[in-house]
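Colleague: The following block contains the structure, expressed as structure tokens.
The values are calculated or read from the model by the stated rules, or taken from the named source; none is laboratory data. This is a predicted model, so every value here is computed, not measured. Reconstructed Cβ throughout: ideal geometry from the backbone, glycine too, with neighbour counts over all protein chains shown. The protein model used for the area step is the full one, side chains on, heavy atoms only, and it has no ligands, DNA or RNA in it. Shrake-Rupley method; radii C 1.70, N 1.55, O 1.52, S 1.80 Å.
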Amino acid sequence: DQQVKQNSPSLSVQEGRISILNCDYTNSMFDYFLWYKKYPAEGPTFLISISSIKDKNEDGRFTVFLNKSAKHLSLHIVPSQPGDSAVYFCAALNRDDKIIFGKGTRLHILP
Amino acid sequence: EADIYQTPRYLVIGTGKKITLECSQTMGHDKMYWYQQDPGMELHLIHYSYGVNSTEKGDLSSESTVSRIRTEHFPLTLESARPSHTSQYLCASSEQHYGYTFGSGTRLTVV
């Protein structure tokens, strides 16, 4: 049973518009959430994170929102740029400091 | 300027061969991890270590083995490679509660 779910395998967004990537989780004990970005043939790179005591964290063009009651988080990228085309993994850190990853969402930024 | 290194980046090998995937980090992190990822799928934790001489199996069963004789080195070994072992293998390390730093990965193909 997946504890971190990304239900959209892919997403296409026009350059300059907002990209919104969604993620749901099932374990209410998760207290730290992360987003990773991955290009083909490379390892994931850390993008942004949020603690469960917050509902929003912003870093430049990237903002992560957390809705604990709905067990839902989202990553907003605005404005979207061609270099943002990649696979984005939502992840949660459990109490053992192990990260549980979702299946990823492939984001295509269209010119 | 990566602080965690994986070699080789790509490996094509015949069935039955013994292989070792190397992973080294220069950050002094105690915690290290091996993930396996098939295309379009989530990253699955196969091994982790919380320090020298400490290794544990992850959530996904794997025929590979690992060792942690030195803090900076966490190699993964397959005694007899099979086509079912074809995958991407990602090594990561972490400090407490700060998420992971990933290497570039090794893409293994067993023919």
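Colleague: Given (1) over 13 Å from B:S104 (Cα atoms); (2) under 16 Å from the mean Cα position of the chain (by Cα); (3) open to solvent by 70 Å² or more (accessible area, probe 1.4 Å), where does B:M32 come up short, assuming only one miss?
Modeller: So B:M32 meets the others, but not (3).
Colleague: Collect the residues in segment A:92-111 that are modelled with pLDDT of 95 or more and either at the interface with another protein chain (Cβ under 10 Å from one of its Cβ atoms) or open to solvent by 50 Å² or more (accessible area, probe 1.4 Å) (or both), keeping them in residue-number order. Let's see the steps before the verdict.
Modeller: Step one: of segment A:92-111, the residues modelled with pLDDT of 95 or more are A:105-110.
Once the filter is applied, which keeps residues that are modelled with pLDDT of 95 or more and either at the interface with another protein chain (Cβ under 10 Å from one of its Cβ atoms) or open to solvent by 50 Å² or more (accessible area, probe 1.4 Å) (or both), segment A:92-111 yields A:R106, A:H108, A:L110.
Colleague: Right, next: Being in a strand (DSSP E or B) and loosely packed, with under 14 Cβ neighbours inside 10 Å is the filter here; which residues of segment A:1-12 pass it? Steps first, please.
Modeller: We begin by selecting, within segment A:1-12, every residue in a strand (DSSP E or B); these are A:4-5, A:10-12.
Of everything in segment A:1-12, those that are in a strand (DSSP E or B) and loosely packed, with under 14 Cβ neighbours inside 10 Å turn out to be A:S10, A:S12.
Colleague: Name the single residue, out of those in segment B:55-111 being basic (K, R) and open to solvent by 20 Å² or more (accessible area, probe 1.4 Å), that is farthest from the other protein chains (Cβ to nearest Cβ).
Modeller: Filtering segment B:55-111 for residues that are basic (K, R) and open to solvent by 20 Å² or more (accessible area, probe 1.4 Å), the one farthest from the other protein chains (Cβ to nearest Cβ) comes out as B:R82.
Colleague: Please verify whether A:S80 is within 23 Å of A:N27 (Cβ to Cβ) and crowded, with 16+ Cβ neighbours inside 10 Å, treating the condition exactly as stated. Quick ask: steps written out before the conclusion?
Modeller: On the way: within 23 Å of A:N27 (Cβ to Cβ): no; crowded, with 16+ Cβ neighbours inside 10 Å: yes.
Against the criterion (within 23 Å of A:N27 (Cβ to Cβ) and crowded, with 16+ Cβ neighbours inside 10 Å), A:S80 does not qualify.
Colleague: Shifting gears a bit: Taking segment B:9-26, which residues are open to solvent by 60 Å² or more (accessible area, probe 1.4 Å) and more than 13 Å from the chain's Cα centre (by Cα)?
Modeller: B:Y10, B:V12, B:T15, B:K17, B:K18, B:T26 - these are the residues of segment B:9-26 that are open to solvent by 60 Å² or more (accessible area, probe 1.4 Å) and more than 13 Å from the chain's Cα centre (by Cα).
Colleague: Within segment A:13-59, can you find the residues that are acidic (D, E) and either within 13 Å of another protein chain (Cβ to nearest Cβ) or open to solvent by 70 Å² or more (accessible area, probe 1.4 Å) (or both)? Lay out the reasoning, then the answer.
Modeller: If we filter segment A:13-59 for residues that are acidic (D, E), which is where we start, we get A:15, A:24, A:31, A:42, A:55, A:58-59.
Once the filter is applied, which keeps residues that are acidic (D, E) and either within 13 Å of another protein chain (Cβ to nearest Cβ) or open to solvent by 70 Å² or more (accessible area, probe 1.4 Å) (or both), segment A:13-59 yields A:E15, A:D31, A:E42, A:D55, A:E58, A:D59.
Colleague: Considering A:F65, A:F46, which residue is at pLDDT 95 or above and in a strand (DSSP E or B)?
Modeller: Values: A:F46 fails: at pLDDT 95 or above.
That would be A:F65, the only listed residue that is at pLDDT 95 or above and in a strand (DSSP E or B).
Colleague: Only residues that are among the aliphatic types (A, V, I, L, M) and assigned to a loop (DSSP other than H, G, I, E, B): list them for segment A:49-62, please.
Modeller: Going through segment A:49-62, the residues among the aliphatic types (A, V, I, L, M) turn out to be A:50, A:53.
Matches in segment A:49-62: A:I53 only.
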